[in-house]
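Right, one structure below, let's go through it.
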Amino acid sequence: MSKIKITGFGGQGVILAGEILANAAVMDGKEGSAIGSYGSAARGGLTSSEIVISNEFIDAPFSEKPDVLIALSQDGYDKFVYTVNQNGIIIVDSGMVSIKPLPKQYELQAANIATSEIKSPVVANMVMLGALSAITEVISKTALINAIKETVNEKFVELNLRGIEFGFEKGKQIK
Amino acid sequence: MSEHLYKYLRPEAFPTPFCAGCGHGILMNAILRAVDELQLDFNKIVFVSGIGCGAWIPSPHFAADTLHTLHGRPIAYATGVKLFNPDLKVIVISGDGDLAAIGGNHLIHAARRNIELTVICANNSIYGMTGGQVSPTTPKYAKTMTTAKGNPEEPFDLCKLTVACGARYVSRYTVYHIKPLINSIKKAMTTKGFAFVDVVSPCPTQFGRRNKQPTLYEMFNDLKARAIRYETAKGLKKDELTGKIIIGEFNE
Amino acid sequence: MPKLINKSLLPPKKYFMQGNIACAEGALAAGCRYYAGYPITPSSETMEHLSNRLPEVNGVFIQMEDEIGSICSMIGASWAGAKAMTATSGPGFSLMLEGLGYAVMTETPCVIINVQRTGPATGQATRPGQGDIMQARWGAHGDYRIIGISPWSVQEMYDLTIESFNLAEVYRVPVILLADEVVGHLKESFIIKPEIEIFNRDSSMSDKPFGTVQDDGVPPMPIFGQGAKLLVTGSTHNEFGIRKVADPVVQDMLVKRLCAKIDNHKDKICKTESYLVDDADYLFISFGISARSSYAVIKQLRNEGIKAGLLRLKTIWPFADEIIKSAAQNCKVVFVPEMNRGQLVLEVQRVLCNKQVISIPKTQGEAIYPSEIYNESKKYIK
């Protein structure tokens with residue numbers, strides 16, 4: 001069983017990323033669950049998504065002590081960085097977050113990559129998922145691609161897939 | 001009531017609970033005459049009413065499907081009936097407190113949606129059933145159980161309100177003006193859209209006796225004196241219309 | 001009672017879906033063809049989904065001016081023959097309570113989805129709670145019975161919505177699906193089976209649509225336009241629907257039957273699920289998302305060699321007294337985790353008055369997590 005937490009602020013696509021990740025697991029034949037938590041404002045505010053991937057029925061669909069923390073904002077990083085499981089890892093957007101010196105921490109500048117190389121700041125979330133796929137065994141790149149094709153509006157599939165590819169390559173470099 | 005209308009009634013529901021001098025019996029008669037003259041299928045009409053004296057006009061007296069609902073909500077119930085089965089004719093009969101105070105929100109939104117309902121407001125300007133408290137159509141300065149020194153508030157003009165909200169057919173008559181009232185109810189019942197008829201109906205028991213009109217005789221004289229045609233009213237200034245009851249059709 | 005096997009509307013397969021949307025699809029599969037609602041977090045997805053889906057199946061969707069209008073128009077549609085539903089959350093549910101009582105009194109089948117959030121008042125609109133358990137049971141005035149059901153997964157948001165419609169139709173009673181924000185917004189996989197079991201109301205013509213010979217019976221319910229000359233009223237009425245506003249016998253008989261038709265059929269209505277209960281020294285009794293955290297805890301305790309079990313209430317109202325008594329027979333301590341200050345625990349304590357029953361409440365506007373239940377229960381586990 002893998003427990004993942006993605007955290008950021010409203011508008012960064014944190015909840016969508018969680019849903020794509022869980023859906024990808026389901027398409028891989030596993031059980032996957034995603035639950036987002038957010039504030040009342042449609043933009044801004046701390047947002048997080050808890051994802052559980054398992055080979056059997058998921059009991060509590062929460063990531064109290066995540067095996068992987070993906071942090072896209074300072075607030076989220078600060079709030080959850082010490083909840084990570086002893087053997088867990090952190091994948092952090094170091095362009096957005098001033099990080100603490102911690103072991104098993106993988107840094108990439110997802111928002112910068114999204115803006116400068118993909119020309120779309122909104123796919124930083126996909127860059128992080130691509131990196132997750134390269135760094136861990138949690139999910140395969142193929143499953144992510146399939147889940148995006150199934151869930152994302154047709155117009156934006158290509159864009160999101162580029163986010164995954166860039167993130168995957170970056171993930172391989174920093175692994 | 002004319003014998004040919006008996007077929008629309010439940011004999012076991014009589015005598016009516018209405019007080020001596022109440023105008024609601026006349027309104028009941030007018031509604032049934034309209035149904036009869038239009039030859040409507042009584043089995044395909046649903047009468048929906050709220051809580052109050054006016055709501056007792058159809059329930060239990062009419063031998064049709066009747067839905068006697070919560071206070072203020074008959075239009076919301078009627079919306080559900082009509083939307084799910086548009087083949088039914090849905091007629092709401094309720095009082096001024098029910099439709100315009102607690103139920104005001106449903107009234108304006110049903111008018112805005114222009115959903116095909118006939119809404120008849122049995123408007124006696126008072127909460128009759130609960131003991132004679134001020135209602136949103138009580139005339140200014142009138143005495144009620146909760147305005148012993150006279151009503152300090154302006155009343156609602158429900159016709160202007162529903163016209164402004166988009167109702168397709170809107171009219172006002174009093175139960176004294178029986179012929180035009182029946183014709184107007186017929187028009188309302190055949191309107192393909194939201195139709196609202198404000199029927200001013202005397203309540204000697206709760207309104208009249210506190211306002212120097214202790215019997216129907218004084219109340220009818222008052223209706224006669226205050227009624228003014230919509231067309232005539234158009235030429236008058238606001239202060240000339242104070243206390244008047246504008247009767248006629250409000251849609252142009 | 002006429003039982004039918006319906007084809008599910010969505011093609012049978014495994015889906016990955018949000019709880020609120022699974023609920024909407026369950027309603028459609030159950031035959032719901034009328035929805036009236038008002039936007040409210042965290043239940044709005046059900047309404048948004050049905051606004052698109054109902055027209056596809058010749059159903060009616062309306063966004064009403066408020067929650068009062070929503071429940072009332074739903075009751076009107078039910079008497080016009082519809083299987084009808086509304087969905088809401090805390091503040092909206094509070095507004096609906098008078099209408100809920102009306103539906104009970106007029107024996108109108110309908111389904112109310114309450115995706116519970118925190119309260120009181122506006123509380124935290126996007127955050128989960130389970131504080132409406134007692135309100136659902138007792139919120140309207142007067143004395144009455146309703147059926148209250150609690151789903152713990154997306155699968156059950158689908159399955160138990162269907163079950164809610166079936167119970168509403170069979171017992172002519174409003175059924176409240178007491179979901180919570182977590183289950184409503186959770187996305188996970190679930191399976192739509194090719195066929196589902198459907199029960200429809202007995203709508204045969206009757207001159208007694210409000211009374212039966214048995215004092216716990218469910219009368220037939222003709223619909224508007226059939227020529228039944230129905231007298232539907234929220235006032236006290238006799239078996240014909242005639243108002244009897246001062247008759248003590250009619251009032252007593254009516255209220256007794258409204259209660260008895262649920263109480264006397266508890267064994268058929270109440271559904272629970274047991275996990276490792278048989279030899280349990282420590283029994284957890286919970287519902288909804290709290291039961292899922294409890295499930296994680298009993299597995300953890302079992303790994304430590306502690307005999308822990310979980311009894312999960314799918315039906316909260318009527319309360320499953322007998323099932324709880326028998327499940328708790330041999331256990332030492334009973335724990336009741338829930339996301340409120342302790343509501344279900346009051347009923348459990350009533351039923352298990354000779355046992356040690358420990359409340360594990362949480363009101364932080366977030367789910368009750370396994371670690372919290374574990375730490376609290378460990379204080380009592382020897």
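The values are calculated or read from the model by the stated rules, or taken from the named source; none is laboratory data. Because the structure is predicted, anything quoted here is derived from the model rather than measured. We place every Cβ from the backbone using ideal geometry, glycine too, and count neighbours over all the protein chains shown.
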Worksheet entry | Search result, residues across the range A:6-26 that are in contact (Cβ under 8 Å) with a residue 40 or more places away in the chain and either more than 12 Å from every other protein chain (Cβ to nearest Cβ) or under 10 Å from the mean Cα position of the chain (by Cα) (or both) | A:I6, A:T7, A:G8, A:F9, A:Q12, A:G13, A:V14, A:L16, A:A17, A:E19, A:I20, A:L21
Practice prompt. Determine the pairs where a residue that is more than 14 Å from A:I145 (Cα to Cα), located within the range A:120-133, has a partner that is hydroxyl-bearing (S, T, Y) with Cβ atoms under 7 Å apart, the partner being 6 or more residues away or on another chain.
Written response: A:P121/A:T115
Discussion item. I'd like to check something: does the range B:197-219 contain any residue that is aromatic (F, W, Y), over 15 Å from the mean Cα position of the chain (by Cα) and within 25 Å of B:V163 (Cα to Cα)?
Written reply: no
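Listed here are the residues, each with its yes/no results for (1) modelled with pLDDT of 95 or more; (2) within 14 Å of another protein chain (Cβ to nearest Cβ); (3) surrounded by fewer than 19 Cβ atoms within 10 Å (Cβ to Cβ).
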| residue | (1), (2), (3) |
| --- | --- |
| B:A76 | yes, yes, no |
| B:G80 | yes, yes, no |
| B:V92 | yes, yes, no |
| B:N123 | yes, no, no |
| B:Y141 | yes, no, yes |
| B:G150 | yes, no, yes |
| B:D157 | yes, no, yes |
Item to complete: For the range C:1-106, please list each of the strands (runs of 3 or more DSSP E) lying entirely inside it that holds at least 3 residues being in the same structural domain as C:Q155 (by TED's automatic domain parsing) and either modelled with pLDDT of 95 or more or small (G, A, S) (or both).
Response: C:14-18, C:34-37, C:60-63, C:84-88
Worksheet item: Quick check: anything in the range B:53-69 closer than 28 Å to B:Q213 by Cα and either polar (S, T, N, Q) or more than 14 Å from chain C (Cβ to nearest Cβ) (or both)?
Response: yes
Item to complete: Considering only the range A:31-44, state which residues are modelled with pLDDT under 95 and facing chain C (nearest Cβ under 9 Å).
Response: A:G36, A:S37, A:Y38, A:G39, A:S40
Worksheet item: Does the range C:24-31 contain at least one residue that is more than 19 Å from the chain's Cα centre (by Cα) and either surrounded by fewer than 20 Cβ atoms within 10 Å (Cβ to Cβ) or not β-branched (V, I, T) (or both)?
Response: no
Item to complete: Would you mind finding the one in A:V127, A:V122 that is in a helix (DSSP H, G or I) and modelled with pLDDT under 95?
Response: A:V122
Worksheet, complete the sentence: Per the filter on the range B:10-52, residues within 12 Å of another protein chain (Cβ to nearest Cβ), part of a helix (DSSP H, G or I) and touching a His at 6+ places or on another chain (Cβ under 8 Å) are B:A13
Fill in: Residue tally, condition closer than 21 Å to C:I269 by Cβ and touching a Phe, Trp or Tyr at 6+ places or on another chain (Cβ under 9 Å), over the range C:316-334
1
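Results for (1) among the acidic types (D, E); (2) surrounded by fewer than 21 Cβ atoms within 10 Å (Cβ to Cβ); (3) in contact with a strand residue (DSSP E or B) (Cβ under 7 Å, 6 or more places away or on another chain); (4) within 14 Å of another protein chain (Cβ to nearest Cβ), shown as yes or no for each residue.
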{"position": "C:K261", "(1), (2), (3), (4)": "no, no, no, no"}
{"position": "C:A280", "(1), (2), (3), (4)": "no, no, yes, no"}
{"position": "C:S290", "(1), (2), (3), (4)": "no, no, yes, yes"}
{"position": "C:S294", "(1), (2), (3), (4)": "no, no, yes, yes"}
{"position": "C:I298", "(1), (2), (3), (4)": "no, no, yes, yes"}
{"position": "C:A308", "(1), (2), (3), (4)": "no, no, yes, yes"}
{"position": "C:W317", "(1), (2), (3), (4)": "no, no, yes, no"}
{"position": "C:E322", "(1), (2), (3), (4)": "yes, yes, no, no"}
Worksheet entry | Inter-residue pairs, beta-carbon under 9 Å, first without any contact (Cβ under 8 Å) to a residue 12 or more places away in the chain and in the range A:42-65, second in a strand (DSSP E or B), 6+ apart | A:D59/A:V52; A:A60/A:V52
Worksheet item: Out of (1) within 7 Å of another protein chain (Cβ to nearest Cβ); (2) touching a residue at least 12 places away in the same chain (Cβ under 8 Å); (3) among the small types (G, A, S), what's the single condition that is false for C:G76?
Response: (2)
Item to complete: Starting from residues that are in contact with a Pro (Cβ under 6 Å, 6 or more places away or on another chain) and hydrophobic (A, V, I, L, M, F, W, C), keep the ones in the range B:33-55 and report whichever is surrounded by the fewest Cβ atoms within 10 Å (Cβ to Cβ).
Response: B:F47
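Results for (1) within 14 Å of chain A (Cβ to nearest Cβ); (2) in a helix (DSSP H, G or I), shown as yes or no for each residue.
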{"position": "C:E169", "(1), (2)": "no, yes"}
{"position": "C:V183", "(1), (2)": "yes, yes"}
{"position": "C:M205", "(1), (2)": "no, no"}
{"position": "C:P209", "(1), (2)": "no, no"}
{"position": "C:Q214", "(1), (2)": "no, no"}
{"position": "C:P220", "(1), (2)": "no, no"}
{"position": "C:K229", "(1), (2)": "no, no"}
Worksheet entry | Flag for C:L100 being within 12 Å of another protein chain (Cβ to nearest Cβ), under 26 Å from C:A121 (Cα atoms) and surrounded by fewer than 24 Cβ atoms within 10 Å (Cβ to Cβ) | yes
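Let's see how each residue does on (1) under 30 Å from A:P61 (Cβ atoms); (2) of a type in the set (D, E, K, R):
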position	(1), (2)
C:I147	yes, no
C:Q155	yes, no
C:L160	yes, no
C:G184	yes, no
C:E188	yes, yes
C:E195	yes, yes
C:S206	no, no
C:G225	no, no
C:S235	no, no
Discussion item. Among the residues of the range A:45-61, are any under 21 Å from A:G167 (Cβ atoms), touching a helix residue (DSSP H, G or I) at 6+ places or on another chain (Cβ under 8 Å) and away from chain C (no Cβ under 14 Å)?
Written reply: no
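To keep it simple, each residue is scored yes or no on (1) over 20 Å from B:R172 (Cα atoms); (2) more than 17 Å from the chain's Cα centre (by Cα).
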| site | (1), (2) |
| --- | --- |
| B:C53 | no, no |
| B:I57 | no, no |
| B:H61 | yes, no |
| B:D65 | yes, yes |
| B:V92 | no, no |
| B:A111 | no, no |
Discussion item. For the list (1) of a type in the set (S, T, N, Q); (2) over 22 Å from C:P370 (Cα atoms); (3) surrounded by fewer than 24 Cβ atoms within 10 Å (Cβ to Cβ), I need the number of the one condition that A:S54 fails.
Written reply: (2)
Item to complete: Pairs only if they're at least six apart or on different chains, beta carbon under 8 angstrom, first in the range B:80-91 and more than 11 Å from C:V60 (Cα to Cα), second among the basic types (K, R) and part of a helix (DSSP H, G or I); list them, first residue then second.
Response: B:D87/B:K44; B:L88/B:K44; B:L88/B:K82; B:K89/B:K44; B:V90/B:K82
Discussion item. Restricting to the range C:139-160, give me the number of residues that are in contact with a strand residue (DSSP E or B) (Cβ under 9 Å, 6 or more places away or on another chain), within 16 Å of C:I269 (Cβ to Cβ) and not acidic (D, E).
Written reply: 8
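Every residue, every condition in (1) buried (at least 19 other Cβ atoms within 10 Å of the Cβ); (2) within 14 Å of another protein chain (Cβ to nearest Cβ); (3) over 26 Å from the mean Cα position of the chain (by Cα); (4) of a type in the set (S, T, N, Q), yes or no:
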{"site": "C:N330", "(1), (2), (3), (4)": "no, no, yes, yes"}
{"site": "C:F335", "(1), (2), (3), (4)": "yes, no, no, no"}
{"site": "C:E338", "(1), (2), (3), (4)": "yes, no, no, no"}
{"site": "C:L344", "(1), (2), (3), (4)": "yes, no, no, no"}
{"site": "C:E347", "(1), (2), (3), (4)": "yes, no, no, no"}
{"site": "C:K355", "(1), (2), (3), (4)": "no, no, yes, no"}
{"site": "C:T363", "(1), (2), (3), (4)": "no, no, no, yes"}
{"site": "C:N375", "(1), (2), (3), (4)": "no, yes, yes, yes"}
Response to the item:
All conditions in (1) more than 9 Å from every other protein chain (Cβ to nearest Cβ); (2) free of Cβ contacts under 8 Å to residues at least 60 places away in the same chain; (3) in contact with a Gly (Cβ under 8 Å, 6 or more places away or on another chain) are true of B:D96 except (2)
